[in-house]
Structure formats: structure tokens, C-alpha cells
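*Asks:* What follows is a structure written as C-alpha cells; I'll ask about it next.
The values are calculated or read from the model by the stated rules, or taken from the named source; none is laboratory data. Just so you know, these numbers come straight off a predicted model, no measurement behind them. Cβ: placed from backbone, ideal geometry, glycine included. Neighbour counts: every protein chain shown.
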Amino acid sequence: MVHTGKKSEREFDDIVAALLGLPVSNLEDRIKYLEYEITYRQVLRDSNLSNIGTNQVRLKDEAWHLRYIPVFNPAFNHISHLKREIALLESGRINEWLSCFRDISRLKERLQQAKEELNMEKEKRRLVK
């Protein structure tokens, strides 16, 4: 079957243009999603670190109020427990920083790859037109 009308050629051109545009729109959506994920992970990190910091301050305050308890007082063991909890929170804070750094680095790598793919697709589309 031979296409002989301008209308059918235009329809064919529209279909080709739409098909060529699909990878571009998908990549643009993926880029927006990755940017959102990076921002979300940073907000989550800040929230987690804030909670950890709040708990550390609370425990340090409680330990500070118990600083003059004599060694033979049963509450003295509670100070040791508080110090262990503070150390665990510090470890959790460090782990949160590290995991956030890894997550964001991975997401930024994927974002860069998506941007490179988008540029390649746009170049292909430009060459086809």
C-alpha cells in the first residue's frame, strides 16, 4: 500500500515524532523522580539527625543532673547506662551520615546517567528530524 496523500504523510510524521518523543519524556520523568528522591533523602537525613540530636541532649542532660551521685548509690549504674545510650546514639548519627552519603551518591550517579541518556536521545531526535 502506497501513501499518496499529504494527510497520510503528515499522520506518519506525527506517529514517528510521537514514538521518538517517548524515550525523551520517559527520561525527563526519571530525572524529575531522581531529583525528588535526592531531596527526599536529604530531608529524611535532616529529620533523623535532628531526632538523634534531641535524644542525645536529653540523655546528656539527665546524666548531668546525676553527676554528683556517690558511687555506692544504686542510681550510679544508671549514669553508666546513660553514657552507653549516648555512645549508641552517636554511632547511629555517624551511620545515618554515611548511609545518606552513599544513598545520595548512588542517586546522583543514576541522575547523571539519565541526563546523559536524555542528551543522547535528544541528539538522535534532532538528527532524525
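*Asks:* Restricting attention to the range 77-94, does a residue exist that is surrounded by 13 or more Cβ atoms within 10 Å (Cβ to Cβ), in a helix (DSSP H, G or I) and at pLDDT below 90?
*Replies:* Scanning the range 77-94 turns up at least one residue that is surrounded by 13 or more Cβ atoms within 10 Å (Cβ to Cβ), in a helix (DSSP H, G or I) and at pLDDT below 90.
*Asks:* Would you check if Val43 is modelled with pLDDT of 95 or more, within 18 Å of the chain's Cα centre (by Cα) and either of a type in the set (Val, Ile, Thr) or part of a helix (DSSP H, G or I) (or both)?
*Replies:* yes
*Asks:* Related question: Only one of (1) surrounded by fewer than 16 Cβ atoms within 10 Å (Cβ to Cβ); (2) closer than 25 Å to Leu127 by Cβ; (3) at pLDDT below 95 fails for Asn73. Which number is that?
*Replies:* Evaluating Asn73 over (1) surrounded by fewer than 16 Cβ atoms within 10 Å (Cβ to Cβ); (2) closer than 25 Å to Leu127 by Cβ; (3) at pLDDT below 95 leaves (2) as the failure.
*Asks:* Testing Ser25 on (1) surrounded by 13 or more Cβ atoms within 10 Å (Cβ to Cβ); (2) under 27 Å from Asn119 (Cβ atoms); (3) not aliphatic (A, V, I, L, M), one condition comes back false. Which one is that?
*Replies:* (1)
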